[in-house]
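**Student:** Please read through the structure below; I'll follow up with questions.
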Amino acid sequence: MRDPYEVLGMSKNSDPDALRARYEDLKKKYGEQRFEDGERGNEGARLLSELESAWTVISRDIQGGAKGDYVRAEEFIRSGDYDAAQKELDAISDRDGKWHYYQSIVFYKREWLSESRAQLVIAVQMEPDNEKYKESLRKLDLVMGNAGVKAEDMGRAQQGPYTAYGNGQSYTTDQYTVNETSSASGAGNACANCLCAYCMTEMCCAMMRGCH
């Protein structure tokens with residue numbers, strides 16, 4: 001996704017009233033263009049859709065700062081902009097199972113399998129009846145060679161901020177600490193190296209299909 005202010009042809013420092021006026025002008029222009037025949041009509045529809053997405057972001061800025069949004073995070077993940085997706089997640093204060101699930105997707109797309117698994121474990125612990133989370137964890141375990149490890153055995157209640165990433169370390173979040181042994185991490189790395197081309201694609205597709 002392009003910078004939303006670039007879509008309007010203006011800067012973030014522009015006057016809010018000028019931004020609104022520009023948005024209204026472009027909305028009218030693209031709204032009329034989309035009813036034209038052929039490729040020009042298709043282009044008008046595409047530009048109108050891009051404009052509306054941009055204005056969603058800009059209007060939040062105008063109202064006092066944008067807050068993290070799962071829809072935008074998913075859009076950034078799909079476009080491969082993982083830094084922007086992470087910023088969206090960082091701005092979300094309610095770290096529930098859904099948040100940890102999306103965080104696991106970002107880690108997975110970066111090929112940080114151990115970190116991704118730790119987040120999925122937390123998501124399952126927080127929402128033990130969520131079949132989507134459990135299925136994602138099962139598939140990731142197959143990728144990493146941890147199929148015999150149960151999610152409920154991977155963590156314990158713990159208060160504190162998120163403190164560490166990496167193989168063989170403790171993952172401390174707002175509510176849980178997840179411990180990973182060096183042997184499990186070693187098996188995960190070995191399996192990931194062997195199966196990366198196929199499994200990464202399959203796992204990503206499955207997780208992204210479950211975002212909605």
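The values are calculated or read from the model by the stated rules, or taken from the named source; none is laboratory data. Just so we're clear, the structure is a prediction, and the values are computed from it rather than from any experiment. Don't worry about glycine lacking a Cβ; one is built from the backbone with ideal geometry, like all the others, and counts go over all protein chains shown. Surface areas here come from the heavy atoms of the whole protein model, side chains and all, with no ligands, DNA or RNA. Shrake-Rupley method; radii C 1.70, N 1.55, O 1.52, S 1.80 Å.
**Student:** Full extension from Lys134 to Ala84: what is 0.36 nm times the residue separation minus their Cα-Cα distance, to one decimal in nm?
**Tutor:** Going from the current span to full extension adds 15.4 nm.
**Student:** For a bin width of 5 Å, list the pair-distance distribution of the range 94-135 built from all Cα-Cα distances, rounded to whole %.
**Tutor:** Reading upward from the zero bin: 6, 31, 33, 21, 8, 1.
**Student:** Now, a different point. Of the accessible area of the range 1-71, with the probe set at 1.4 angstrom, what percent is carbon plus sulfur?
**Tutor:** The value for the range 1-71 is 46 percent carbon and sulfur by accessible area.
**Student:** In the neighborhood of Tyr82, defined by Cβ-to-Cβ distances under 14 Å, what is the net charge if each Lys or Arg adds +1 and each Asp or Glu adds -1?
**Tutor:** Computed value for this residue: -3.
**Student:** Read phi for every residue in the range 79-86 and hand back ³J(HN,Hα) as whole Hz from Karplus 6.51 cos²θ - 1.76 cosθ + 1.60, θ = phi - 60°, with x for Gly and Pro.
**Tutor:** 7, x, 8, 6, 5, 5, 4, 5
**Student:** Residues with beta-carbon under 13 Å from that of Arg34, excluding Arg34: net charge, scoring Lys, Arg +1 and Asp, Glu -1?
**Tutor:** It works out to a net charge of -2.
**Student:** Return the subset of Lys87/Lys132; Lys87/Lys134; Lys12/Lys109; Lys27/Lys134 for which the Cα-Cα distance in this structure is over 32 Å, preserving the input order.
**Tutor:** Cα-Cα > 32 Å for Lys27/Lys134; rest within.
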